[in-house]
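The values are calculated or read from the model by the stated rules, or taken from the named source; none is laboratory data. On a predicted model such as this, the values are computed, not experimentally measured, just so you know. Virtual Cβ from ideal backbone geometry, glycine too; neighbours counted across all protein chains shown. Please note that ligands, DNA and RNA were not included when accessible areas were found on the heavy atoms of the full protein model with its side chains. Shrake-Rupley method; radii C 1.70, N 1.55, O 1.52, S 1.80 Å.
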Amino acid sequence: MRWEKCVIFDLDGTLTQSEEGIWNCVRYTAEKMGYPVPDAATLRKFIGPPLTYSFREFMGMEGEEVDRAVRTYRERYQVTGLFENRVFPGIRRLLRMLKRQGCWIGIATGKPQEPSERIVEYFGLKKYIDAVAGPLGFHSEEKEDLIRRALPEEYGEAWMVGDRKFDIEGGRKVGISTLGVGFGYGSEEELRQAGCTAYAATVQDAIDILCPGQENPQGAFLSIEGLDGSGKSTQIRLITDAMERYGFEVVHSREPGGCKVSEKIREVLLDKDNVGMTDITEALLYAAARAQHVREVIRPAVNAGKVLLCDRFVDSSVAYQGGGRQLGVERVLAINAPAVDGTLPMATIYLDIDHETSLKRRSAASELDRMEMEADSFHARTEAAYRELIARDPQRFIVVDATRTPEEIGKAVAEQVLARLMEAEE
Ligand code: TYD
């Protein structure tokens, strides 16, 4: 079969950023062998050259010791270091767009084949990659040979994409177009000197060059909910880090708020002086803020292929105004229908604490807003309404016990969120 378009990528510095794992393994080796731990500048030099060279040149090791260092390094690398890796944000979108064009996608890397395949698998990228070519056994291989192995037998237009001159030189030797990328470990000067056909400073530039005029794939809309004091802010940080490590482009927003008009409505809603606000006014204001936010922020982000993570959404209205204020679930949903207009989160993370725990945590806070000042019975009804919502729509909710440590919660949530995001990519 002839492939009309092929794109071959280098791995380290092009699809992924691997320094964290490399540095941690060098530190581990130094500590285990009784060497001083290299400083940051020295650690940086370990990215790129073969390990034997680096241990000799940068840590002054000789003979037997070098082999021991390589063995010690691998001992940690194969289990942990390999996965202390990040996919550059936007790379998933690029791969998705190329696949949608019916493109052949290969990887030609100086990292041995087996760990390279494990990295691709770990980050859920296997579905995009048609061939991985890395050195087999203990021998290194010329980049041009790796590129040939990553290509199909017959092809039309073909690109080699990489961050170092070796990638560009290899691609040129094979006789295909080359794209130098400036977000990895090489400089623009290095890539231009090597004679790249085109240069991309950012992942977006690479998308513009490789997928000209193509529309972005749909991103995803996620929301996070919970009673006041459930620890949403900490979890947003942890989950975002996990999503970004996998190459998702995350955008944050919050309700009420998220854009100019809605932030102004937020001020009115949370102002402690607005004691006379009627329940229906309150519900309409939350819905009004939401109507603007959906159109100005949420939809554009999702249409641009981003993952929009929203701190609260319509479930908060159902719980707080429907339950807490006793306006009723159906009435609040009806008020919100034109605001939401069919835009609903693909998944909603619910940080589960009961209203008593919420009260304790709120009491410890320095200043409370108009909603947080409400009586405990209000929060008890809010909690009950949340539980009803979850029972109605168990598929959408990711419910986690939020009384555990932040790290435990973050890990549990991230696993489920990532699984859903990757499933939705298909
Ligand atoms: P938020 O900024 O999330 O406060 P916190 O960080 O303390 O959780 O939300 C502000 C308050 O607004 C919060 O008490 C919940 C309430 N709220 C509603 O009552 N209805 C809604 O639709 C939304 C979005 C929030």
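Kindly evaluate Leu351 against the criterion of being within 11 Å of the ligand (Cβ to nearest atom), in the same structural domain as Gln235 (by TED's automatic domain parsing), open to solvent by less than 60 Å² (accessible area, probe 1.4 Å) and not aromatic (Phe, Trp, Tyr).
Numbers: within 11 Å of the ligand (Cβ to nearest atom): yes; in the same structural domain as Gln235 (by TED's automatic domain parsing): yes; open to solvent by less than 60 Å² (accessible area, probe 1.4 Å): yes; not aromatic (Phe, Trp, Tyr): yes.
So Leu351 fits the description; yes.
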Seminar exercise, completed: The helices (runs of 4 or more DSSP H) lying wholly within the range 226-345 that contain at least 3 residues that are within 9 Å of the ligand (Cβ to nearest atom) are 260-270, 279-293
Exercise. Got at least one residue in the range 125-134 being closer than 23 Å to Ala194 by Cβ and either surrounded by 15 or more Cβ atoms within 10 Å (Cβ to Cβ) or not small (Gly, Ala, Ser) (or both)?
Worked result: yes
Exercise. Hey, any hits in the range 165-174 for a residue that's part of a helix (DSSP H, G or I), small (Gly, Ala, Ser) and in the same structural domain as Gln193 (by TED's automatic domain parsing)?
Worked result: yes
For this session: Output the qualifying pairs, or none if there are none: Cβ atoms under 7 angstrom, residues six or more apart or on different chains, first residue in the range 211-238 and more than 19 Å from Arg361 (Cα to Cα), second residue open to solvent by 10 Å² or more (accessible area, probe 1.4 Å) and within 9 Å of the ligand (Cβ to nearest atom).
Result: Ser223/Arg312
Seminar exercise, completed: Reported set for the range 191-204 where residues are surrounded by 17 or more Cβ atoms within 10 Å (Cβ to Cβ) and out of contact with any Leu (no Cβ under 7 Å at 6 or more places or on another chain) is Leu191, Ala194
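I want to confirm something. Restricting to the range 215-225 and keeping residues that are in contact with a Leu (Cβ under 9 Å, 6 or more places away or on another chain) and more than 16 Å from the ligand (Cβ to nearest atom), which single residue is nearest to Ser317 (Cα to Cα)? It would help to see each step written out before you state the result.
Initially, the range 215-225 is screened for residues in contact with a Leu (Cβ under 9 Å, 6 or more places away or on another chain), giving 219-225.
Then keep just the ones that are more than 16 Å from the ligand (Cβ to nearest atom); that gives 219-220.
On the way: Gly219: 24, Ala220: 21 Å.
Result: Ala220.
Can you name the helices (runs of 4 or more DSSP H) wholly within the range 49-146 that have at least 2 residues being in the same structural domain as Val161 (by TED's automatic domain parsing)? Let's see the steps before the verdict.
Working: elements: 51-59, 63-77, 91-100, 113-122.
Result: 91-100, 113-122.
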Seminar exercise, completed: For the range 30-74, the count of residues that are small (Gly, Ala, Ser) and open to solvent by 20 Å² or more (accessible area, probe 1.4 Å) equals 6
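Table: residues versus (1) open to solvent by 20 Å² or more (accessible area, probe 1.4 Å); (2) modelled with pLDDT under 95; (3) outside the structural domain of Glu367 (by TED's automatic domain parsing); (4) touching a Lys or Arg at 6+ places or on another chain (Cβ under 6 Å).
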residue	(1), (2), (3), (4)
Ala206	no, no, yes, no
Glu215	yes, no, yes, no
Ser230	no, yes, no, no
Gln235	no, no, no, no
Arg245	yes, no, no, yes
Val251	yes, no, no, yes
Val261	yes, no, no, no
Seminar exercise, completed: The correct count of residues that are under 11 Å from Leu227 (Cα atoms) and not in a loop (DSSP other than H, G, I, E, B) in the range 346-377 is 10
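Taking the range 373-426 as the search range and keeping residues that are hydrophobic (A, V, I, L, M, F, W, C) and free of Cβ contacts under 8 Å to residues at least 40 places away in the same chain, which one is farthest from Val87 (Cα to Cα)? It would help to see each step written out before you state the result.
Our first condition is that a residue be hydrophobic (A, V, I, L, M, F, W, C); within the range 373-426, this holds for 373, 375, 378, 380, 384-385, 389-391, 397-400, 402, 409, 412-414, 417-419, 421-422, 424.
With the extra rule that they be free of Cβ contacts under 8 Å to residues at least 40 places away in the same chain, the set shrinks to 375, 380, 391, 412, 419.
Working: Ala375: 46, Ala380: 42, Ala391: 36, Ala412: 20, Ala419: 16 Å.
Applying the filter and picking the extreme gives Ala375.
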Exercise. Is it the case that some residue within the range 358-380 is open to solvent by 60 Å² or more (accessible area, probe 1.4 Å), within 32 Å of the chain's Cα centre (by Cα) and either at pLDDT 95 or above or not assigned by TED's automatic domain parsing to the domain that holds Ala301 (or both)?
Worked result: no
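Quick one: is Val87 open to solvent by less than 60 Å² (accessible area, probe 1.4 Å), over 18 Å from Lys5 (Cβ atoms) and modelled with pLDDT of 95 or more? Full working, then the answer.
On the way: open to solvent by less than 60 Å² (accessible area, probe 1.4 Å): yes; over 18 Å from Lys5 (Cβ atoms): yes; modelled with pLDDT of 95 or more: yes.
Here the answer is yes, as Val87 does meet what is asked.
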